[in-house]
Amino acid sequence: MEKLSVYNNVIAQFNKAADKMDLDTEIRKILGCTMNEIIIHFPVIMDDGHIQMFTGYRVQHNNVLGPFKGGLRYHPSVEIDEVRALATWMTWKSAIAGIPYGGAKGGIQLNPADYSKSELERITRRFTFALGSNIGPEYDIPAPDVNTNAQIMAWILDTYLSMMSPAEQNRCVHVVTGKPIESGGSLGRDKATGQGLVFVLEAWAADNAFDLGRATYLVQGYGNVGSWTARLLKPHGAKLLAVEDHTGALANPAGIDANDLHAYVQIHKGIAGYSGAKPITHREFMSTKADLFIPAALENQITADSAPWLQVKLVVEGANGPTNVAGDAILQERGIALLPDVLCNAGGVIVSYFEWLQNKRSEFWELEEVDAKLHRKMVGAYRRVRDTAAQFGTDWRTAAYIVALTRLEKVYKERGIFP
């Protein structure tokens, strides 16, 4: 039921925005459900020779704006309703960002820590083979997500290309994004989600006369998004007061060095035991007084139970769906501002789009070019959401959905419905 609520959360947010903007009734039917849902059970030989069955998913929500696009996550909690929610969010995110993609998401139900590198490679390759033509460089383009990385994308790429004829292989390198640089990846992709979040935060700070140099903040999740956000905020002078991940929570009123903590996590695979801060409980972490809270972990972290604990001015969502409907309502009642996930964490899919373009054009962009283009896209998306919130007199999450739904509605009305 907890996981089912993630998708229910998406639909509730969608209905709120659709009501507010008076979305066309017929188009609402289309956008309110997914297009394709693929569930695959496949066998893999383990290192000791025995066979283990795995369950993989790929949900394709909508592709009216362009190819399906979305990450693959490897996590024990992966199941169909969670993937539906994530795929739907990807549709809104691409529409808000103004890039020609639809939304998809996928993953495998497993804990990567339980498997060797060679087992993970075989699992990834077998999953890719099982997906077959359900992915493709002009149809559905996977990318990294929770517990997946550039190495896993390289295995997917190699497996997919092995299924193509030799004459077609070099035309299909953009079947996945988030690849290693040497295998067709883009500079800036590793930090893209955190970088995009910081660009949005900078724009908000400028609008609200907020001094990031004096800001204090909390980060939940210290993987790719959380650690990059903290490391990119460090040059601003912002102070990281507390951090939480799957291994526990830590705090230091004098500040935690984001780069030093990242180096520790790279070795120890979690923040537990880090000497630069003292352990605290989850409730103590959520109750730490600060200017900003950046949830960058999993869904449903700010709920009816936990939202009253927060003592911050602004929530900046790095994770997908960290705040449920009840949590949203409490934050609004308490006057805590919120920058929503579908805006804040769009940097990843935007730079994935840049990588896809570079592959299609046989180009390679320097980091400065990638960052400049990302900045334009993120600030443009921020301004669209800001202006829509003012126009409709609504909260920023609903405004972000209205931006997405307005674009999708316009395309459906222009193209019509076949036949």
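Each value in this text was obtained by applying a stated rule to the coordinates, not by laboratory testing. All values derive from a computational prediction rather than experimental measurement. So basically every Cβ, Gly included, is an ideal-geometry build from the backbone, and we count neighbours across all protein chains shown.
Diagonalise the Cα gyration tensor of region 297-365 and give the resulting equivalent ellipsoid semi-axes, square root of 5 times each eigenvalue, largest first, whole Å.
35, 11, 8
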Original post:
Hey, which lysines would be in cross-link range of LYS179, C-alpha to C-alpha under 26 Å, not counting anything within fewer than 8 residues on its own chain?
Top reply: LYS69, LYS93, LYS105, LYS117, LYS191, LYS269, LYS360, LYS373, LYS377
Original post:
In percent, what relative contact order does the chain have, based on Cα pairs under 8 Å that are 6 or more apart in sequence?
Top reply: 16 percent
Subject >> Kirkwood Rh (inverse of mean 1/r, distinct Cα pairs), region 34-183, angstrom >> reply: 15.4 Å
**OP:** Return, for the Cα atoms of the chain, the radius of gyration and Dmax in Å, separated by a comma.
**Re:** 20.7, 64
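If R₀ is 51 angstrom, what is the calculated FRET efficiency for the pair SER287 and ARG28, using the beta carbon separation as r and rounding to 0.05?
Efficiency computed from Cβ-Cβ geometry: 0.80.
Where both partners of a DSSP beta bridge lie in the chain, what percent of those bridges are antiparallel, to the nearest 5? Display every interim value, and only then the final one.
Working: 24 of 49 bridges.
Antiparallel: roughly 50 percent of the beta bridges in the chain.
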Subject >> Cα centroid separation, region 310-389 to region 85-159 (Å) >> reply: 20 Å
Original post:
Which length gain, in nm to one decimal place, applies between ILE39 and GLU138 when the Cα-Cα distance is subtracted from 0.36 nm times their residue separation?
Top reply: 33.5 nm
Original post:
Say each of ASP260 and ALA390 gets a label point 7 Å from the Cα, pointing the same way as Cα to Cβ; how far apart are those two points in nm?
Top reply: 4.3 nm
Original post:
Going through region 1-94, which GluC sites (Glu not before Pro) have at most 14 other Cβ atoms within 10 Å and a DSSP loop state?
Top reply: GLU2
Original post:
Using a simple charge model, +1 on the beta-carbon of Lys and Arg, -1 on the beta-carbon of Asp and Glu, nothing else, what dipole does the chain show about its Cα centre, in debye to the nearest 20?
Top reply: 600 debye
Subject >> Fluctuation leader among THR128, THR25, THR216 - the chain, Gaussian network, Cα springs under 10 angstrom >> reply: THR25
**OP:** Sort MET53, MET153, MET21 so the one with the fewest other Cβ atoms within 10 Å of its own Cβ comes first.
**Re:** MET53, MET21, MET153
**OP:** May I ask what percent, to the nearest 5, of DSSP beta bridges between residues of region 192-344 are antiparallel?
**Re:** 30 percent
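Would you mind ranking HIS50, HIS75 so that the residue whose beta carbon has the fewest other beta carbons within 10 Å leads the list? Display every interim value, and only then the final one.
Values: HIS50 8, HIS75 18.
Least crowded to most crowded, the residues run HIS50, HIS75.
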**OP:** Please arrange ASP158, ASP211, ASP291, ASP341 by counting, for each residue, the other beta carbons lying within 10 Å of its beta carbon, fewest first.
**Re:** ASP211, ASP158, ASP291, ASP341
Original post:
Which FRET efficiency value, to the nearest 0.05, is calculated for ILE417 and ALA304 with the Förster distance at 51 angstrom and r the Cβ-Cβ distance?
Top reply: 0.85
**OP:** Determine the principal axes of the Cα atoms in region 192-344, then give the extent along each, sorted from largest to smallest and rounded to whole angstroms.
**Re:** 39, 32, 26
**OP:** Anything in the chain that counts as a DSSP H helix reaching 20 Å or more along its axis (C-alpha) with Kyte-Doolittle mean of at least 0.0? List them, would you?
**Re:** 80-97, 192-207
Original post:
Taking square-rooted eigenvalues a ≥ b ≥ c of the alpha carbon gyration tensor, is region 203-259 rounded, prolate or oblate, where a/c under 1.5 means rounded and, failing that, a/b exceeding b/c means prolate?
Top reply: prolate
